[in-house]
Every structure is written in C-alpha cells, then in structure tokens.
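Scroll down for the structure; my scribbles are underneath it.
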Amino acid sequence: MAKKQLALVIDLNVCVGCHACVTSCKQWNTSGWSGPLPDQNPYDADPNGVFFNRVQTFECGTFPATETVHFPKSCLHCEEPPCVPVCPTGASYKREEDGIVLVDYDKCIGCKYCSWSCPYGAREFDPIAGVMKKCTLCVDRIYDTSLEPERRKPACVLACPAGARLFGDVNDPESEAARAIRENAGYQLMPEWGTSPANHYLPRRKTYMRLHEDELVRADNPLKFEADLPKPNFTAPSIDDMSSW
Amino acid sequence: MHPAFSVIFLTTLIGAGQGLLLALVTGQWYFVIGATPDQESGAFYAGGAAIAELLLVLGLVASFFHLANPQRAWRTATRWRTSWLSREVIVLPAVMGATFLYGVVHWFGWTPVLWTFGNQKSLDLSMAVGFAAAGAALALFLCTAMIYASVKFIREWASSWTVVNYTLMGLASGFTIAAAYASLAGSSLTEFFAGDALALTLAAMAARIFQLWRNTRLKCRSSMKTAIGVHHGQIRQISQGFLGGSYNTTEYRHGIGSEVVRGLVVLFLFLAFALPAALVAAGWATGEHPMLLLAALVQYVGLMVERWVFFAQGNHVQNMYYQRMA
Ligand code: SF4
Ligand code: SF4
C-alpha cells in the first residue's frame with residue numbers, strides 16, 4: 001500500500017465562503033503548539049497578520065452569467081514539496097509517517113527561502129518569532145488521545161458548518177477522503193509544477209432533475225383537471241378533531 | 001518580489017570581492033605566462049587581497065541582517081546536498097579563507113616552486129593558492145546565482161542567464177576596482193585590468209540587456225484555471241480573503257510603479273555599464289587614476305540599482321492568488 005498521506009479534501013460545491021475554518025484555524029493554532037500567529041496593527045491602519053488558512057472568492061464569467069466560487073486555501077502538504085529541499089537548515093521537513101509538511105521553529109533561521117519555493121503562497125512568515133509558519137494539519141489535535149476519537153480532526157474540518165471539508169489518508173483507498181476524490185473527480189491545484197499536492201478539491205457540480213409532464217399532472221385524477229377539493233361541512237370530523245376549516 | 005537591502009548589499013559586495021580576487025589572480029597569471037615582463041610585488045597582491053576580503057566581509061555582515069534568527073546561522077550549512085543557499089553558506093567562508101591565504105602568502109613572499117613545466121614555466125605556491133581561490137570564487141558565483149535561478153516559480157529568475165549575469169557583473173565590478181587599485185599603486189597591470197574591465201563591463205551589459213528582453217516574453221505555466229481548478233476562460237478574483245496585509249502581499253511585490261522601475265532600468269544601464277565603460281576607457285587612455293576610481297564607485301552604485309530591479313522584476317506565481325483585496 002502507498003505511504004500514508006494525511007490531507008484535506010475540500011468540496012467547492014459545498015463551500016459557502018463563511019470563513020468559519022479561517023477563524024477556527026487561527027484560534028486553535030494561535031493558542032496551541034504552533035502559535036502564536038501574530039497580528040500587527042490589528043486595530044489600526046494597515047493591519048497585517050499570519051493565517052494558515054484563507055478563503056478566497058472568485059467569479060467566473062461575465063454578469064449576469066456568472067458563478068461565484070469560494071476557495072479555501074492552505075498548505076496542500078505536497079507529496080513532492082518543492083519547499084522542503086531548498087531549506088538550508090533542514091527546518092522544513094516532510095514527515096515520513098503521515099506526510100505532513102512541517103517547520104521546526106527551533107531550527108528555522110527565517111531566511112524565507114522556502115516560501116519562495118511554494119507556488120501556492122501557503123507559507124506565511126511570523127515577523128515576531130522570525131520563523132516561517134504554515135498549516136500543520138493540526139498535528140497537535142489529530143493524535144491527541146485525550147480527545148474523543150471523532151474530535152481528532154483539524155480544527156477547520158470540525159468548524160465547517162456546511163461539511164465542505166473532509167480529512168483522511170488520501171492514499172488509503174478505503175478512506176472517506178480517498179473515496180470522495182475518486183467518486184467526485186477530485187483534483188489537485190496547479191498540477192503543472194509536479195508538486196503533487198496531497199490536498200484535493202472537489203469540483204463544482206450542477207444538479208439537474210428531469211421532470212416529465214405526467215409527473216407534474218396527476219395521471220390518476222379522475223376529473224382530469226386540478227382544482228380545490230370541495231369544502232367539507234363545518235361540523236364534519238377532521239383529522240385533529242378541531243376543525244375541518 | 002520585495003527587494004531586501006541586505007541581499008542587495010550581500011550579492012553586490014561579494015560579487016565585487018570575488019571579481020577583484022579573480023582580477024588579482026589573472027594579473028599574476030599574466031606575469032607567469034609571460035604576457036607582462038615585470039612581476040608585481042607581493043605587497044601589491046596582499047593589498048588587493050585585503051580589499052577583496054573587506055568586500056567579502058561586508059557582504060557577509062549584510063547577509064546577517066536578512067536572517068531573523070542569525071544565531072542559528074550555523075545550521076544553514078547542513079543541507080548542502082539539496083539547497084543552493086546552504087552551498088553558498090559553505091563556499092562563501094571558503095572564498096574568504098582562500099583570499100586571506102592568498103594575501104598572506106604574497107605578503108610573506110612564500111613562493112616555493114611546486115612544479116616546473118616542460119616549457120620552463122613554473123607554478124609557485126602563491127600562484128597555486130591563487131588558482132584555488134579563483135576556483136572557489138567562481139563556484140561562489142554559481143552558488144549565489146543558483147539560489148535565484150533555481151526558484152522555478154519566479155520565471156524572471158529561473159534561467160541560466162541569471163548565473164551568466166551574476167558572474168559577469170561581479171567580474172566587471174571586480175576588474176574595475178582592480179584597475180583603480182593598480183593605477184593608484186602605480187602598477188604596470190593597470191592597463192591589463194582596465195582593458196579587461198572594459199570588455200567585461202560591455203559583455204555584462206549585453207547579457208543583461210538580453211535578459212531584460214527575454215523577461216518581456218515570458219509565459220506563465222499556470223493560469224487561473226489551474227490555480228483554482230475551475231475550467232472557465234474568464235475567472236477573476238473578487239476577494240483574496242482579507243482586507244489587511246499579509247506576508248503574501250508584502251513579500252511578493254515591491255509596491256513601486258512600473259514607470260519608476262522602467263526609469264531605474266535606464267538608470268542602471270547607464271550607471272553600471274555605459275558610464276563606467278566610458279570612464280574606464282578614458283582612464284585607460286589617459287592613465288589618470290581619478291577616472292578609474294570614479295568608474296569603480298559609479299559602477300558599484302549602478303549595480304546596486306541593477307540588483308534592486310532584478311529582485312523587483314521577479315513575479316511570483318503565488319501572486320495569482322492575491323490580486324484583489326476586497
Ligand atoms: S503547499 Fe506549498 S508549503 Fe505546502 S507542501 Fe506544497 S509547496 Fe510546501
Ligand atoms: S525560512 Fe526557515 S524553514 Fe524556510 S527555508 Fe529558511 S530556515 Fe528553512
């Protein structure tokens with residue numbers, strides 16, 4: 001079996017662009033193992049802050065024939081991460097056991113070279129600690145045995161009210177994530193760079209229903225036309241024993 | 001990209017230092033092969049090596065301002081198998097050490113003959129150390145330039161022309177400094193250095209103009225279609241997801257108008273190449289050292305502008321995701 005590769009599967013057909021994953025990610029990670037995610041001038045002009053996850057919005061087509069696509073974006077935990085080999089210190093690494101790409105904050109010198117080698121803009125520099133930061137796939141949650149098993153998931157996945165985010169081993173064909181990719185034409189971002197992102201996206205889907213004439217008109221209507229049923233007598237019994245009106 | 005001044009200083013200073021070192025070694029070699037009759041004194045080479053060492057040290061100091069956690073800088077030497085940045089971190093001290101050694105050997109006049117060739121020419125210790133230092137300096141040009149040329153997501157940088165240009169510009173500025181130094185020292189090598197400086201400056205100008213032209217014709221491998229994976233011919237960003245700034249909006253752009261950048265291109269073509277070439281030619285013809293000194297200074301300023309433009313003109317693929325604030 002292929003090596004274990006934990007990742008997210010994000011369903012663009014479901015995402016409503018509410019940013020719940022953005023705020024829950026920031027909250028969990030700024031207060032946890034990988035934090036803080038500092039903000040500069042948060043309440044002043046020109047605020048600037050570190051996030052692991054962003055939700056962007058795109059519009060396809062020209063008005064009025066347009067479609068809005070909400071697009072959550074975080075580190076994709078590439079299977080061939082171009083950001084890792086360029087790191088001069090070895091602070092950036094990809095875990096053997098589950099494929100998560102992480103930064104060792106105790107080794108990082110803050111040269112920013114890795115961020116130049118990510119085409120997705122997934123890494124964000126923390127100017128306070130002077131180290132590079134990025135999505136950890138909530139590595140501090142998903143193995144935490146003090147949590148109930150169904151809560152051992154990234155914060156964003158738990159927060160998504162629409163259920164647009166799935167989490168699992170994309171290389172395990174039996175996993176929910178792998179099945180979603182397989183059955184819904186899941187795809188990778190910018191495949192042309194050979195990064196082989198582990199995170200996948202599920203495309204927008206159009207849902208059509210074909211209705212036939214005889215499904216709209218009652219075929220068994222003896223009068224062959226639709227009309228109100230005759231009003232019953234006021235005193236006639238009704239289902240709830242109150243009134244038939 | 002957002003040009004960092006520490007890196008501008010680093011790359012231009014060490015480039016000039018390496019170029020100067022290579023000029024000294026070339027000058028000595030001219031004598032060894034008999035292109036010039038009189039050898040320079042050991043003190044001349046030692047003095048030149050001291051200037052080169054100073055430039056390298058200043059560059060190294062500048063580089064530390066780029067690191068947020070410089071106390072861990074020693075760790076950068078660990079990933080030389082995969083990272084050009086790590087390789088540069090190893091080769092730079094090697095060049096500094098070799099430069100120091102080259103100066104010391106000349107200062108104390110340690111010139112035991114190591115090898116005598118069939119044609120009665122001989123290789124002495126100072127020349128051998130010089131060759132080793134020159135090799136290290138050339139390797140450093142490769143490492144420094146490959147740091148940028150290997151970033152494939154910035155198409156303006158990801159080309160072998162980056163290596164050619166870093167090398168030629170470093171050599172040109174180094175030889176111009178060497179010419180100024182030789183003329184101040186009243187050395188007979190002045191003419192050699194001035195002639196080489198002129199040729200290298202013009203070559204560097206030609207290569208840089210070619211790269212400027214090449215950069216206007218680049219095609220991006222990615223499009224909005226592959227960036228978000230929606231197969232639609234017309235995709236525009238409505239929101240990048242936040243109203244403030246972020247690392248993605250500050251690190252990857254320079255915030256200067258394209259008009260200004262175009263003006264800076266003209267400025268550096270003039271300051272780094274055209275004017276120094278004219279000054280070197282004039283200094284070469286008249287033998288006046290203020291001309292050569294001025295050429296070296298003007299060229300250094302011009303190359304700093306050039307480096308700024310080089311960084312600023314790098315357009316990273318990730319910018320596709322950060323086009324609109326609202
Ligand atoms: S998305 Fe970027 S930071 Fe994350 S693994 Fe891929 S290249 Fe590296
Ligand atoms: S910023 Fe840190 S993690 Fe990134 S390349 Fe430099 S040392 Fe490595």
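Remarks
- Test: residue in region B:83-90 that is within 19 Å of A:CYS114 (Cβ to Cβ), within 16 Å of ligand 1 (Cβ to nearest atom) and of a type in the set (Gly, Ala, Ser): yes
- Boolean, A:THR66 is of a type in the set (S, T, N, Q), more than 7 Å from ligand 2 (Cβ to nearest atom) and either on the phi < 0 side of the Ramachandran plot or surrounded by fewer than 17 Cβ atoms within 10 Å (Cβ to Cβ) (or both): yes
- The residue that is nearest to B:LYS225 (Cα to Cα), counting only those in region A:27-63 that are surrounded by fewer than 14 Cβ atoms within 10 Å (Cβ to Cβ) and facing chain B (nearest Cβ under 9 Å), is A:THR62.
- Enumeration of residues in region A:171-198 that are within 11 Å of chain B (Cβ to nearest Cβ) and either within 13 Å of the chain's Cα centre (by Cα) or open to solvent by less than 70 Å² (accessible area, probe 1.4 Å) (or both): A:ALA185, A:GLY186, A:TYR187, A:GLN188, A:LEU189, A:MET190, A:GLU192, A:TRP193, A:GLY194, A:THR195, A:PRO197
- Of all residues in region A:86-124, those satisfying the criterion of being outside any loop (DSSP other than H, G, I, E, B), within 11 Å of ligand 2 (Cβ to nearest atom), farther than 16 Å from A:LYS73 by Cα and not aliphatic (A, V, I, L, M) are A:SER92, A:TYR93, A:TYR113, A:CYS114, A:TRP116.
- When region A:128-153 is filtered for residues that are within 16 Å of ligand 1 (Cβ to nearest atom) and part of a loop (DSSP other than H, G, I, E, B), the ones remaining, listed by number, are A:LYS134, A:CYS135, A:THR136, A:LEU137, A:CYS138.
- Of all residues in region B:79-103, those that are assigned to a helix (DSSP H, G or I) have Cβ atoms under 7 Å from Cβ atoms of residues that are of a type in the set (Lys, Arg) and within 15 Å of ligand 2 (Cβ to nearest atom), 6 or more apart or on another chain, in B:SER86/B:ARG79.
- Complete set of residues in region B:216-260 that are open to solvent by 30 Å² or more (accessible area, probe 1.4 Å), at the interface with chain A (Cβ under 7 Å from one of its Cβ atoms) and in a loop (DSSP other than H, G, I, E, B): B:ARG221, B:HIS232, B:GLN234
- Selection of region B:106-133 for residues being in contact with a strand residue (DSSP E or B) (Cβ under 9 Å, 6 or more places away or on another chain) and not in a strand (DSSP E or B) yields B:TRP110, B:THR111, B:PRO112, B:PHE117, B:LEU125, B:MET127, B:ALA128, B:PHE131.
- First in region A:129-144 and within 19 Å of A:THR23 (Cβ to Cβ) and open to solvent by 20 Å² or more (accessible area, probe 1.4 Å), second anywhere and more than 14 Å from ligand 2 (Cβ to nearest atom) and assigned to a loop (DSSP other than H, G, I, E, B), Cβ under 6 Å, 6 or more apart: A:ASP140/A:GLY32; A:ASP140/A:TRP33
- Given (1) touching a Ser or Thr at 6+ places or on another chain (Cβ under 6 Å); (2) more than 23 Å from B:VAL89 (Cα to Cα), index of the condition B:TYR148 fails: (2)
- The set of residues in region A:69-127 that are more than 10 Å from ligand 1 (Cβ to nearest atom), more than 30 Å from A:ARG205 (Cβ to Cβ), touching a helix residue (DSSP H, G or I) at 6+ places or on another chain (Cβ under 7 Å) and more than 7 Å from every other protein chain (Cβ to nearest Cβ) is empty.
- Flag for A:PRO203 being open to solvent by 90 Å² or more (accessible area, probe 1.4 Å) and within 13 Å of the chain's Cα centre (by Cα): no
- Meets criteria (open to solvent by 10 Å² or more (accessible area, probe 1.4 Å) and part of a helix (DSSP H, G or I)) for B:THR26: yes
- Between B:GLY47, B:GLY17, the distinction of being assigned to a helix (DSSP H, G or I), touching a residue at least 40 places away in the same chain (Cβ under 8 Å) and open to solvent by less than 10 Å² (accessible area, probe 1.4 Å) belongs to B:GLY17 only.
- Among the residues listed as B:ALA77, B:ALA52, B:ALA35, B:ALA16, the single one being more than 14 Å from chain A (Cβ to nearest Cβ), among the small types (Gly, Ala, Ser) and over 18 Å from the mean Cα position of the chain (by Cα): B:ALA35
- Selection over region B:20-44 of residues that are within 16 Å of B:PHE131 (Cα to Cα) and without any contact (Cβ under 8 Å) to a residue 12 or more places away in the chain gives a count of 1.
Here's the yes/no breakdown for (1) among the hydrophobic types (A, V, I, L, M, F, W, C); (2) touching a strand residue (DSSP E or B) at 6+ places or on another chain (Cβ under 8 Å):
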{"position": "B:SER150", "(1), (2)": "no, no"}
{"position": "B:PHE153", "(1), (2)": "yes, yes"}
{"position": "B:GLU156", "(1), (2)": "no, no"}
{"position": "B:SER159", "(1), (2)": "no, no"}
{"position": "B:LEU168", "(1), (2)": "yes, no"}
{"position": "B:PHE175", "(1), (2)": "yes, no"}
{"position": "B:ALA179", "(1), (2)": "yes, no"}
{"position": "B:ALA182", "(1), (2)": "yes, no"}
{"position": "B:LEU189", "(1), (2)": "yes, no"}
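- With respect to (1) within 24 Å of the chain's Cα centre (by Cα); (2) part of a helix (DSSP H, G or I), the lone exception for B:ALA285 is condition (1).
- Of all residues in region A:69-104, those being open to solvent by 10 Å² or more (accessible area, probe 1.4 Å) and more than 30 Å from B:MET146 (Cβ to Cβ) number 2.
The values are calculated or read from the model by the stated rules, or taken from the named source; none is laboratory data. Here the structure is a predicted model, which means the values were calculated and not measured. No Cβ is skipped: glycine too gets one built from the backbone with ideal geometry, and neighbour counts run over all protein chains shown. Accessible surface areas use protein heavy atoms only, side chains included; no ligands, DNA or RNA. Shrake-Rupley method; radii C 1.70, N 1.55, O 1.52, S 1.80 Å.
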